[in-house]
Amino acid sequence: MTVDYKIQYSNRKTLNISVERDRSVVVRAPKNLSLDKIEEIVQSKGNWINEKINHIQKYPIDLKAKEFVSGESLLYLGRHYQLLIVDKDFNGVRFNQNFSISKSNQENANELFKEWYLKKALEKIKPLAKKYSANLGVNYNKCKTSEMKYRWASCTPKNNILFNWRIIKAPVYVLEYLVAHELTHLIEPNHTPEFWNIVSIQVANYEKAKKWLKEKGYLLEIDF
Ligand SMILES: [Zn+2]
């Protein structure tokens, strides 16, 4: 197979190939690398590139970054809410059956929403961590949200439980499952039948939550 691609020269020292959301292939190359050499490297990675392209096709195409204009919708606790850009001046994000931000903040919308989501993620997750740790009779050290990109949650050897702040986009039953899952690891580190047995006692519809995560995994790669 042959690969169509676009070359971007830069001051970088190594060649980098990426498959973009729109499935185009971009090659970022050092300035002095010849076209022949680039062609050779790209074609030698043909299988890898093809796999990437097919992988992206599994996902919805409308994954482009938010522009933060009126009428867009943002996902929060499993539901889409409309965004309104209003003339009135105020700080941050307001939420009341829809999202609103001040027009004067439109340019910083990305940061404002991230701040808001991070705060909400902790607000929702912390009580769940308390509840499930009490149920399970385990003690965790710290419960935090973090900027992980390819995982929903993890627990560390020091018994800290970490959650990807983007899980706040998921329905509450998914949050419950993720928290119970990580805390169950404090009893059973591996995904053994015993592990799943414990999880199922804590969260009856955990299969539904797992299914949601499987279908929406791509949400990990975008912020909102
Ligand atoms: Zn696990």
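The values are calculated or read from the model by the stated rules, or taken from the named source; none is laboratory data. Just so it is clear, the model here is predicted, and its values are computed rather than measured. So basically every Cβ, Gly included, is an ideal-geometry build from the backbone, and we count neighbours across all protein chains shown. Just so you know, the surface numbers come from the protein's heavy atoms only, side chains and all, with ligands and any DNA or RNA stripped out. Shrake-Rupley method; radii C 1.70, N 1.55, O 1.52, S 1.80 Å.
Numbers at a glance
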read-out	value
Selection count, the stretch 9-39, where residues are under 24 Å from ALA65 (Cα atoms), touching a residue at least 24 places away in the same chain (Cβ under 8 Å) and of a type in the set (A, V, I, L, M, F, W, C)	3
Residues of the stretch 157-178 satisfying the condition of being open to solvent by 30 Å² or more (accessible area, probe 1.4 Å) and in contact (Cβ under 8 Å) with a residue 12 or more places away in the chain	LYS158, ASN159, LEU162, VAL172, TYR173, GLU176
Where LYS208 falls short, out of the listed (1) within 16 Å of the ligand (Cβ to nearest atom); (2) at pLDDT 95 or above	(1)
Every residue from the stretch 123-140 that is surrounded by fewer than 18 Cβ atoms within 10 Å (Cβ to Cβ) and either assigned to a loop (DSSP other than H, G, I, E, B) or modelled with pLDDT under 95 (or both)	GLY137, VAL138, ASN139
Among the candidates LYS66, LYS88, residue that is within 25 Å of the chain's Cα centre (by Cα) and either among the basic types (Lys, Arg) or outside any helix (DSSP H, G or I) (or both)	LYS66
